[in-house]
Every structure is written in structure tokens, then in C-alpha cells.
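The values are calculated or read from the model by the stated rules, or taken from the named source; none is laboratory data. In this text the structure is predicted, and so the values were computed from the model without any measurement. We place every Cβ from the backbone using ideal geometry, glycine too, and count neighbours over all the protein chains shown. Side chains are part of the model used for accessible areas, which takes the heavy atoms of the whole protein and leaves out ligands, DNA and RNA. Shrake-Rupley method; radii C 1.70, N 1.55, O 1.52, S 1.80 Å.
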Amino acid sequence: MTRHGVLPDHPIPDLAAYLEVGGGSGWTKAMRMQPQQVIDEVAASGLRGRGGAGFPTGTKWRSVVEAADSAPPLVCNAAEGEPGTYKDRAVMTRNPYQVLEGLLIAAHAVVADPVVIATKRRYNREAERLAAARSEMIAAGWTGAEKIALALGPDEYLFGEESALLEVVEGKLPMPRIIPPYMFGLAGTMQHPNPTIVNNVETLAHVTDILARGVGDFRSRGTQEAPGTMVFTVVGDVTSPGVYELDLGTSLATLLDIAGASDVQAIYSGVSNAVIRPELVDLPMDFDSFAEAGTGLGSGGFIVYDHSRCIIDVVASLSRFLAVESCAQCPPCKLHGVEMHERLASLCANGGSPNDVAELRRRCVAVTDGNRCYLPVGHALVVGSALDAFAGEFESALGAPHEHDNPVTIPKIDDLDDDTGAVSFDTAYTRKRLDWGYDSADG
Ligand SMILES: Cc1cc2nc3c(=O)[nH]c(=O)nc-3n(C[C@H](O)[C@H](O)[C@H](O)COP(=O)(O)O)c2cc1C
Ligand code: SF4
């Protein structure tokens, strides 16, 4: 391959163009290696998952292979739904070949069966690019390409949660399970739990690069604990929103400069982490630095809010998203989540009362009771951190009805134009109800 990383500047039109820039060399190398050697190579690279948790990929593969009593299923998570994140769609559209090559390398490494890539039905363009790339690879004789199945699922946020992803692949609703995929996987039964590997799109694209260029080259970018590059998304109050591939460990300030942020009041990295105040912009963007600073890198999608925004309006919009998307299998998550949003909306509209703030704090604790998945933990962090970081703003809003000159919408990205950088959000989302149905557009 002639370039590092996973995000080419322009879409790769076809397999011939991919081969011209060195595509295929990672897969060719992997096919000459024993599966265990490929796992060792990926483990040595220090690659950490780009889907949100930053878990070491080699360790995941090794432990599932050890736990499985037959060929483990391998599922690529292409269900990207985190507000403020667009990187997987950008990678799939610009270079589906590198994602599928990574999936084939992973399938060889863990001797997988079946091999699935699961994305949203509404991501037509990405699904078409993947299907066309797969057909070209089959025609060109790439071993294993014919085994890749494409599964399409719904628009719900929880589709991206790994155990809910497996439910969708099995033809069910995106409801998280009690047991994680590495213990109880695709079509698992009590007798055959079928441990399954789930990897993010970008993670697998990096696997291709690691095999093609070698561990040393991969580790020459990023940091010791977080090697390589990552594709970051920036949206919100910036002049150049978009997706940018940078070395892990680059400062957040550098990314914000590139995206044209100024007058920053608050930043959220998706909806699963504590708010980032402007004082923290010098943080290096890597998993551990963000965790040590009390927040998280998530999937590298940053939502920037300037001082024209009411911070309570910001938090209310993120909280509404999480309350709506909760699946209600664990009642505290849905009930306290909805209550949190309603209290925030009331604070926003009419200033609420001091009791609302106290109640919000209590709900931040209760919302995670008996949680099956991480969604309500994110809800508590998003709201609780804002109550702490913006205590003065909440205090001064109390009891006073106020107008919002620049109201906030949830940054659920519908499209991000490669050429112009224009971002569009899903405007229908305001009509989504707590039961996942939609109110009609004409009221
Ligand atoms: C509510 C929720 C939504 C998630 N959405 C996504 C998603 O859209 N894409 C993704 O790759 N991971 C998502 N994740 C993380 C996955 O559960 C899982 O950690 C990831 O796919 C593992 O891949 P990786 O190890 O390559 O990062 C989500 C997690 C939660 C709790
Ligand atoms: S914690 Fe919330 S979103 Fe997760 S499974 Fe339970 S109810 Fe559903």
C-alpha cells in the first residue's frame, strides 16, 4: 500500500484502482501465514478497537478462539449510530475494499464461520459499495470473499451495541443481551454458546494496514499504548466539520483548529462520556489520556458547542436521544432516563426549580440500576458531568423562563458531503417517540 491509514482523500472507484495503490498485499501476506501467526502480528501491533471501548483486538481474537469449541462467528459492526460520528460510513464509502480485506484477514486468523458485516438499511450507499466490492473480490478469486454475508438492520442506536447487533443478525429487534458476544454469540445455545468476535469497521481496516505494512510501520504512528491513526469526526459549531484521520495522541486542540472551532463552551465525544470543558483541549487524543481526564474518546466523534448555545438545551437534547433509544428491558434505564430528559426540558423552558437539579442528580445514580448495557452509564455521565461542570449555568437558569437564540438539535448525522464538507442531520428524529415509533410529519 502506498499510504498509511484507512481513509483515502477520495473514494477508490474499483478493485483495479485498489490494487494499484497496493491493496491486497495484507491479505496475500496473511494467507501465507498460519492463523496463529496473524493473531500474534495483530496483538504485537497494539491495535485497539475503534468502536468505542478501545479494547485490544489481538487479545479479543485470542480469547474467543480459546473459548470456542468450533469455528467462531466473526461479525463486522457497521451499524454506526453514535451522534456526532460519521467515520465508519466515510471509510466504507471511500474504501470498502480495505474493510473487506481486513475482514478476510481476521476470518483467516480466527478460522471464522460465518463471516458477516452488519449495517443499517438506511445506509444505502455504504451497503451498495460493500456489496459491489464483495462481488469484485469474488470474481477476482479472493479466497473467502464468497462467505461474507451482508446483514441489514434498523436505524436504532442500540443496533451498534455488540450483543444487540447479534440479535439483529439473527432477525430480531436490537435488544442487548445479558451475556456479551465473547461468551454467548451468534445462534448460541446453552449447550453451544458459540463465542463470537465483533469488530468495528475501522478496526478491521487497520488490520489490513498492519498486515500490509508490518507492525513497526503501524507503531510508528500514534503512541506506545494507542498505536496507529484514528478517524475523528467533528460537527457542531465549527467552520469545517468533517472526518479527519490523525495519529492517536494528537492533541484535541489540533483537531479543533483543523475543524475551525472557536469560542468553545463545551465538547461531547458522542453520548457516552463526560463533557469536555475548553480547559481540556490540550489533551492528547488517546484512550488512556481521555479516561484519566475523567472522560472518554469513544468512537472519536466530537460535537462542539460554542457560547451561543444554552448548555441546558445541549444536555436536554443529548438526554432526549438516550431516553428515546433506551430499549426498556431494564426499567430503571427507561424510566429514570425519561425523567431526566423531562426535568432538563422543564429547566430549559421555564427554569424549573432547585428540586429538579437535586432530582437529576438522584436519577443519574438510579438510571444504571441493573443495566444490561452501557447506554444508561453514558446517560448518567453526559448529564451528571454537565451538572458539575456547569453548576453556575444551571443555578442562574433556575426559576427564569428563557429564550434560546440558537436552539440545539441532536447531531445524528444523515450525510457528510466529501467535497463540500456540508453536514446534514436527521431532521425526522425530533418525531421519534419513546416506543421507537414516529409521530407523523404533519402533526
Ligand atoms: C449503546 C452502544 C452503541 C454502540 N454503537 C456502536 C456502533 O455503532 N459501532 C461500533 O463499532 N461499536 C458500537 N458500540 C461498541 C460495540 O458494542 C463494540 O464494543 C464494538 O463494536 C467492538 O468492536 P471493536 O473492538 O473493534 O471496537 C456501541 C456500544 C454501545 C453500548
Ligand atoms: S440498559 Fe437500557 S438500553 Fe441497555 S438493555 Fe437495559 S434498558 Fe436497554
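Those residues that are farther than 12 Å from Y97 by Cα and either aliphatic (A, V, I, L, M) or part of a helix (DSSP H, G or I) (or both), I need them from the stretch 139-150; list them, please.
Filtering the stretch 139-150 down to residues farther than 12 Å from Y97 by Cα leaves 139-141, 143-144, 146-150.
Result: A139, A140, E146, K147, I148, A149, L150.
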| Residue selected from the stretch 200-221 under the condition within 22 Å of M285 (Cβ to Cβ) and of a type in the set (G, A, S), by the criterion surrounded by the fewest Cβ atoms within 10 Å (Cβ to Cβ) | S220
| Total residues in the stretch 393-432, condition open to solvent by 50 Å² or more (accessible area, probe 1.4 Å) and under 21 Å from I312 (Cα atoms) | 16
| query | Under 9 Å by Cβ, and 6 or more places apart or on different chains, what pairs join a residue from the stretch 278-298 that is closer than 13 Å to E225 by Cα with one that is among the polar types (S, T, N, Q) and assigned to a loop (DSSP other than H, G, I, E, B)? | reply | P284/T223; P284/T250; M285/T250; D286/T223; D286/T250; D288/T223; S289/T223; F290/N273
| note | Checked pairs for the stretch 146-171, first within 15 Å of ligand 2 (Cβ to nearest atom), second among the acidic types (D, E) and open to solvent by less than 30 Å² (accessible area, probe 1.4 Å), C-beta under 6 Å and 6 or more apart or across chains, list as Y157/E325
| field | All positions within the stretch 3-42 that are modelled with pLDDT of 95 or more, crowded, with 16+ Cβ neighbours inside 10 Å and of a type in the set (G, A, S) | value | G23, G24, G26, A30
| message | Within the stretch 1-75, considering only helices (runs of 4 or more DSSP H) that don't extend past its boundaries, which have at least 2 residues that are over 20 Å from Y182 (Cα atoms), away from ligand 2 (no atom under 16 Å from the Cβ) and in contact with a helix residue (DSSP H, G or I) (Cβ under 8 Å, 6 or more places away or on another chain)? | response | 15-20, 25-31, 35-45
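What residue, of I179, I197, is in contact (Cβ under 8 Å) with a residue 12 or more places away in the chain and open to solvent by 30 Å² or more (accessible area, probe 1.4 Å)? Break it down into steps so the answer makes sense when it comes.
Numbers: I197 fails: open to solvent by 30 Å² or more (accessible area, probe 1.4 Å).
Sole residue among the options that is in contact (Cβ under 8 Å) with a residue 12 or more places away in the chain and open to solvent by 30 Å² or more (accessible area, probe 1.4 Å): I179.
Please work out which residue is surrounded by the most Cβ atoms within 10 Å (Cβ to Cβ), limiting yourself to the stretch 360-387 and to residues that are more than 9 Å from ligand 2 (Cβ to nearest atom) and of a type in the set (D, E, K, R).
Of the residues in the stretch 360-387, the ones more than 9 Å from ligand 2 (Cβ to nearest atom) are 360-366, 369, 378, 380-387.
Those still in the list that are of a type in the set (D, E, K, R) too: 361-363, 369.
Numbers: R361: 14, R362: 12, R363: 23, D369: 13.
Going through the qualifying residues, I end up with R363.
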| Given the structure, is Q98 at negative phi and open to solvent by 40 Å² or more (accessible area, probe 1.4 Å)? | no
| message | For the stretch 225-242, give me each residue that is over 14 Å from S269 (Cα atoms), in contact with a strand residue (DSSP E or B) (Cβ under 7 Å, 6 or more places away or on another chain) and of a type in the set (V, I, T). | response | T229, V238
| Within the group R89, R122, which residue is within 11 Å of ligand 1 (Cβ to nearest atom) and either modelled with pLDDT of 95 or more or outside any helix (DSSP H, G or I) (or both)? | R89
| query | Would you pick out the residues in the stretch 329-359 that are open to solvent by 40 Å² or more (accessible area, probe 1.4 Å), in contact (Cβ under 8 Å) with a residue 40 or more places away in the chain and either touching a helix residue (DSSP H, G or I) at 6+ places or on another chain (Cβ under 8 Å) or within 16 Å of ligand 1 (Cβ to nearest atom) (or both)? | reply | Q329, H336
| task | Within the stretch 45-66, track down each residue that is near ligand 1 (Cβ under 7 Å from one of its atoms), closer than 15 Å to T196 by Cβ and of a type in the set (A, V, I, L, M, F, W, C). | result | F55
| task | Answer yes or no: is there a residue in the stretch 121-143 that is within 14 Å of W27 (Cβ to Cβ), surrounded by fewer than 19 Cβ atoms within 10 Å (Cβ to Cβ), touching an Asp or Glu at 6+ places or on another chain (Cβ under 9 Å) and not β-branched (V, I, T). | result | yes
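Would you be able to say whether some residue in the stretch 317-337 is within 25 Å of G160 (Cα to Cα), in a helix (DSSP H, G or I) and more than 16 Å from ligand 2 (Cβ to nearest atom)? Steps first, please.
First, pick out the residues of the stretch 317-337 that are within 25 Å of G160 (Cα to Cα): 317-337.
Narrowing the set further to residues that are in a helix (DSSP H, G or I) leaves 317-325, 331-337.
Restricting the remaining residues to those that are more than 16 Å from ligand 2 (Cβ to nearest atom) gives 317.
Yes, there is a match, as at least one residue in the stretch 317-337 is within 25 Å of G160 (Cα to Cα), in a helix (DSSP H, G or I) and more than 16 Å from ligand 2 (Cβ to nearest atom).
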| note | Filtering the stretch 316-347 for residues that are under 21 Å from the mean Cα position of the chain (by Cα) and among the polar types (S, T, N, Q) leaves a count of 3
